[in-house]
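Chemist: Structure incoming, see below.
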Amino acid sequence: MNEKVLNTPFSDVATDNVYAPFIEMAKQRKLALGYSDGTFKPQENVTMSEAIVYMIRLLGYTVYADANGGYPTGYYITASDIGLLKDITLGIDSFITAQTAVNLIFNALNTKVLTTKSVYKGENKIEPFEGNLLMYESFGINKAEGIMYETSLSALAGPNELPPYSILVGNVQ
């Protein structure tokens, strides 16, 4: 049996798993909450509904997804409303394909991050508002257009030769 990562909150993520630091970061940021038995199941296929939940959490729209009916319907409605499902036809219960994952990531990069600000007019409350695009927040890029048909998954995660905070799409950085 593999030795476990000391800081990894999931019992089935080993120290030699190349994705362990990324899985831990996703847990810390509350993007990936895992299963009720304390596992992450890194070898399992991801469904479209699971991928949508990750993206909705990443973009900060969980409050709207919950208001629209919660998981899975409210998340799907919210994803559609914010343009996350543009050019995606995969069913919500289907396993996500590499092409769909790339399009979902691309659409997320072109979506404004929902954030909050404090409002002090007689009462202390917090209001949500749309901030910058995710790609601007992450990479300092203001606009990108197109549909992704294929890519090397290694270009999306793991070690590569790209400079920090860069993305390579179709040999264009």
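Just so you know, all these numbers are worked out from the coordinates, no wet-lab data involved. Please read all numbers here as calculations on a predicted model, not as lab measurements. Ideal geometry is used to build each Cβ from the backbone, glycine not excepted, and the neighbour counts take in all protein chains shown.
Chemist: Please list, ordered by chain and number, the residues whose modelled amide H lies under 5 Å from the amide H of residue 47; skip anything fewer than 5 residues away on the same chain.
Modeler: 96
Chemist: What list of ³J(HN,Hα) couplings, whole Hz, do you get for segment 46-54 from phi and the Karplus terms 6.51, -1.76, 1.60, once you set θ to phi - 60° and write x for glycine and proline?
Modeler: Once θ is set to phi - 60°, the couplings for segment 46-54 become 9, 7, 4, 5, 5, 4, 4, 4, 4 Hz.
Chemist: Something else now. Pop out the ³J(HN,Hα) list for segment 72-86 in order, Karplus 6.51 cos²θ - 1.76 cosθ + 1.60 with θ = phi - 60°, rounded to Hz; leave Gly and Pro as x.
Modeler: Values per residue, Gly and Pro as x: x, 4, x, 5, 5, 4, 5, 4, 5, 4, 8, x, 5, 9, 4 Hz.
Chemist: Would you mind computing, in nm to one decimal, how far apart the modelled labels at residue 93 and residue 14 are, each placed 7 Å from Cα along Cα→Cβ?
Modeler: That separation, rounded to one decimal, is 3.3 nm.
Chemist: Also: If I model a spin label as a point 7 Å beyond the Cα along the Cα-Cβ vector, how far apart are those points for residue 43 and residue 63 in nm?
Modeler: 4.1
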